[in-house]
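Below is one structure; the comments refer to it alone.
The values are calculated or read from the model by the stated rules, or taken from the named source; none is laboratory data. The structure displayed is predicted, hence computed values, not measured ones. For neighbour counting, all protein chains shown are included, and Cβ atoms are generated from backbone atoms with ideal geometry for every residue, glycine included. Note: accessible area is taken over every heavy atom of the protein model, side chains too, but ligands, DNA and RNA are not part of it. Shrake-Rupley method; radii C 1.70, N 1.55, O 1.52, S 1.80 Å.
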Amino acid sequence: VNKVGVHALVWTAGWTERDCRHAIESTRSAGYDLIEIPLLDPGAVDPELTARVLAEYEMEAACSLGLRFDADISSPDADVHARGRKLLHDALAVSRDLGARYLGGALYSALGKYLEAATPAGRANCVAGLAELSEAAAAAGITLGLEPVNRYESNLVNTAADAVALIKDIGSSNIVVHLDTYHMNIEEADLSSAVEAASDYLGYVHVGENHRGYLGSGSIDFQTFFRALHAARYEGIITFEAFSSAVVSETFAAALGLWRRTWEDSFDLASRALSFIDAQVSLAALTAGAEL
Ligand code: MN
């Protein structure tokens, strides 16, 4: 049975004690198993406070981030690369201290539009940085996830095949592929062959619509996607991701191009998304003839 999570940006863009409590309490009352906490700025998240509130509501957390152009392990520039490593290590420490067992996202490059192709030297820097990070993650009991993102958000890992190739080059056993339907919709030939390509390494999933709004209100073929997850025997976490200018984070808005108010009511959005995901998981199993 898949655990189902929701991204914290559905509830709040900040992480004061009030934000943290609101996000975790809402995640719990909407019926989710887990909250995904973004660590674009690891210093903005107090891990002790977060761990305490998670325990209070008996909730689990996963963490995620994308790097910055001035702190990017895929840069051939030694200083930029070093700042990228530091950002990743800071995020890993916060993830560990708040009790997460997963840290995923665009851990391999900046989250934003590159104007040039990745270079072999930059990719080699990325491999070295992630190999080192994965050792520290293993010591902390944390699995790392590489999330392929679309061409406007990275020049290094755009497809499931790119992520698998990078993981093979790194050679660590605690790094998984993290698929996201929003990005797959832009870059993959089709949803099911991408899931198949990732299946040996698949460890985390984001579901989001093509416009980042209400699940099922856009053009993504979720039926095909969930059938593919079922066929791949995927039993990991499935996290709902949606962004709207109704919940504003300037960092996210700039990196992901979040200019539209695609939804207003976080609780309604999250409740409907959980029902949608549950229905799709059940339907995929039913269609495959499995016992329910
Ligand atoms: Mn995602």
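Here are a few things to note about the model shown:
- The modelled label-to-label distance between residue 86 and residue 138, using points 7 Å beyond Cα along the C-beta direction, is 2.7 nm.
- Binned Cα-Cα distance frequencies in region 131-287 - 5 Å width, integer %: 2, 9, 17, 20, 20, 16, 11, 5, 1
- Using a Förster distance of 22 Å, the FRET efficiency for residue 246-residue 113 (Cβ separation, nearest 0.05): 0.40
- For region 1-157, share of DSSP beta bridges that run antiparallel, in % to the nearest 5: 5 percent
- The C-alpha atoms of the chain occupy a region whose extents along the principal axes are 50, 43, 37 Å, arranged from largest to smallest.
- In plain terms, the bigger the Kirkwood radius, the slower the diffusion; for region 98-137, with that radius from Cα pairs, at 4 °C and 1.567 mPa s, Stokes-Einstein puts D at 109 µm²/s.
- Residue 288 paired with residue 56, simple spin-label distance in nm, labels 7 Å along Cα-to-beta-carbon: 3.9 nm
- Sequence ranges 251-262, 216-227, ranked by mean other-Cβ count within 10 angstrom, highest first: 216-227, 251-262
- Span-rule helices in the chain, defined as complete DSSP H runs reaching 24 Å or more along the axis (Cα) with Kyte mean at least -0.5: 78-98, 120-139, 266-287
- Note on region 1-62: Rg/Rh from C-alpha atoms, Kirkwood Rh, equals 0.93.
- Accessible carbon and sulfur surface of region 128-266 relative to its total accessible area, %, 1.4 Å: 44 percent
- Between the amide H of residue 104 and those of 63, 64, 65, 145, distances stay under 5 Å, these residues lying 5 or more places away or on another chain, with hydrogens modeled in the peptide plane.
- Simple spin-label estimate for residue 219 and residue 174 gives 4.1 nm between the two label positions (7 Å along the Cα-to-Cβ direction from each Cα).
- Between 16, 50, 239, the residue with the greatest mean-square fluctuation in the GNM of the chain (Cα pairs under 10 Å linked by springs) is 16.
- Summed over the residues of the chain and divided among them, the accessible surface reaches 43 Å² per residue at a probe radius of 1.4 Å.
- Between 236, 203, 145, the Gaussian network model of the chain with springs among Cα atoms under 10 angstrom shows the greatest mean-square fluctuation at 236.
- A cut-off of 5 Å between modelled amide H atoms, ignoring neighbours fewer than 5 places along the same chain, links residue 157 with 149.
- Value of relative contact order over region 212-277, rounded to a whole percent, pairs C-alpha under 8 Å and six or more apart: 43 percent
- Taken about its Cα centre, the chain carries a charge dipole of roughly 100 debye when the Cβ of each Lys and Arg holds +1 and the Cβ of each Asp and Glu holds -1.
- Residues with amide H under 5 Å from that of residue 211, placed H, sequence gap 5 or more: 219
- Relative contact order computed over the chain (Cα-Cα under 8 Å; 6+ residues apart), in percent: 18 percent
- Förster radius 25 Å - calculated FRET efficiency between residue 193 and residue 260, Cβ distance, rounded to 0.05: 0.25
- More than 14 Å apart - percent of Cα-Cα pairs taken over region 85-161: 62 percent
- Per-residue HN-Hα couplings for region 203-214 [Karplus 6.51, -1.76, 1.60; θ = phi - 60°; Hz; x = Gly/Pro]: x, 6, 9, 9, 10, x, 6, 5, 10, 6, x, 4
- For the chain, the antiparallel share of DSSP beta bridges with both residues in that region comes to about 5%.
- Cα convex hull of region 149-203 - mean projected area over all directions, nm²: 3.5 nm²
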